[in-house]
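Below is one structure, written out as structure tokens, with a few remarks after it.
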Amino acid sequence: MAPRPGISGHLGPGGRGLSEPLPPKIEVTCVEHERCPACGFDGSRYSDGALPAAIRDLGPTWKALLGEAGADQRVRPGPGVWSAVEYAAHSRDVTALHVFGVRQALTHDEPSYPPIEGDALIESAAATYGDADADLVGTELAGQASELADLATDSGSEAWSRGLTIGGDRTDVRRLLEHALHDSLHHLADVERGLVAIREGYPDEH
Ligand SMILES: [Zn+2]
């Protein structure tokens, strides 16, 4: 298999190669696929090749949508609904968090973290989303998505069952990839709906 420059650099001294079998530290059960009745996302529909490719596509898709939104990119379609820029900034941070998670799972043996640390991080960052520069956000989001896709392809799908535990809930690399993709696709649909509402002049009431 091809060298893995994206990941080998993150292995610590004496770190094991990703292809070596790992000793089971906890009872590992099969992690279910990500599914969402609201937007119809079904992670099981993505082959091992399609999943990283879809993640990589997120950057261009977000950039195109932000560009298409034009002056509406900062408009909130209704009370409690984020603008396109705010959703994009959120998706950038969620993607970055998943880059971190996937890298941890690939380079450590079943690491464990306290609950909602990432959520708190994202919540505190949300206050700055409205003033974010759309071009910069799009570029940063694309960079994070590409990095996540690189981690997935460089490790090979045989490594996607490696896991990590956050607050007592175990997840694995494939599910992290599915969740990152779903989060972005879900919010892309939110933004598309919001832009339609703004243009039609009938902002959502909620
Ligand atoms: Zn969804």
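Read the figures in this text as sums done on the coordinates, not as results from a lab. It should be emphasised that the depicted structure is a prediction, and the values quoted were computed from it without experimental measurement. Every residue, glycine as well, gets a Cβ built from its backbone with ideal geometry; the counts of neighbours run over all protein chains shown.
Worth a mention:
- Coordinate range along principal axes, alpha carbons of segment 32-200, Å, largest first: 49, 31, 30
- Global form of segment 129-175, assessed from the alpha-carbon gyration tensor, a/c cut-off 1.5: oblate
- Under the simplified labelling scheme, the residue 47-residue 71 pair shows an inter-label distance of 4.6 nm, with each label point 7 Å from Cα along Cα→Cβ.
- Taking Lys and Arg as +1 and Asp and Glu as -1, the other residues whose beta-carbon sits under 14 Å from that of residue 99 total -3.
- One decimal place: the segment residue 165-residue 124 gains 12.5 nm when fully extended, by the rule 0.36 nm per residue minus the C-alpha distance.
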